């Protein structure tokens, strides 16, 4: 079955602009999580969506937001971009609800460069 | 504070040597522990999780709740094990994981 698909794979924006990233989870997976990966901070949790509801949120400013649609596809948006937002944004999907913690399946990521 | 510490940024060993990648965690509640791996030009993927108690690609990890550690071990390293390894902790039934900074394992021929 198809894996987690993220689009776009690469994008370049300038400070002050906004960006929307998209994630299509594995078919049947209803939980989608987003992570930011940078050389300095490593992998940091942004937020998790399950059944169109945000279930967990990391320590990021309100400029970072997301949503999930009824087909489990998710988008994240970053407004008023700053240079420090340059990162690889990873999406992961999982079968939430089974015993034990989620096993996350990651996408290839969207690499955002802010100039 | 919830935290995962991987003290080594880089671990370099020769092929056939034993490997131990260290992971210590600080977490309230009942944690679930994972090791994820990222091979060159590939996606981040699950290697193993403590509740499975299985060996994947020769790697094992034992959860030591007393020492709050979850070290990853392999008795004989192979060149194809060269990758970035991340230790992660989370709660049951959540997609929120706290990752360590990662350890690059380099296995030399």
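Tabulated data for the structure shown
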| quantity | calculated |
| --- | --- |
| Rg(Cα)/(2.2 N^0.38 Å) for chain B, N = residue count | 1.01 |
| Cα shape, the range B:10-49, gyration tensor, a/c 1.5 rule | oblate |
| For residues of A:102-111, the mean tally of beta carbons on other chains within 10 Å | 5 |
| Radius, Kirkwood style, for the protein assembly as shown when every pair of distinct Cα atoms is counted (Å) | 18.0 |
| Hypothetical label at residue B:17: residues of the range B:50-80 whose amide nitrogen lies under 11 Å (7 Å Cα-Cβ projection) | B:77 |
| P(r), alpha carbons of the range B:56-109 - 5 Å bins starting at zero, rounded % | 4, 16, 21, 24, 19, 10, 5, 1, 0 |
| Stretch gain in nm, segment residue A:79-residue A:13, where the contour uses 0.36 nm per residue and the Cα spacing is subtracted | 22.7 nm |
| Shielding by other protein chains, B:36-44, mean Cβ within 10 Å | 3 |
| Distance (nanometres) between label positions extended 7 Å along Cα→Cβ at residue B:46 and residue B:73 | 2.4 |
| Paired Rg and Dmax values of chain A, which use every Cα atom, in angstrom | 13.5, 44 |
| At q = 0.16, 0.26 Å⁻¹, base-10 log of I(q)/I(0) for the range A:1-46 (Debye sum, equal scatterers on each alpha carbon) | -0.61, -1.14 |
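Each value in this text was obtained by applying a stated rule to the coordinates, not by laboratory testing. Since this is a predicted model, take the numbers as computed values, not measurements. Here Cβ is always computed from backbone atoms with ideal geometry, including for glycine, and neighbour counts include all displayed protein chains.
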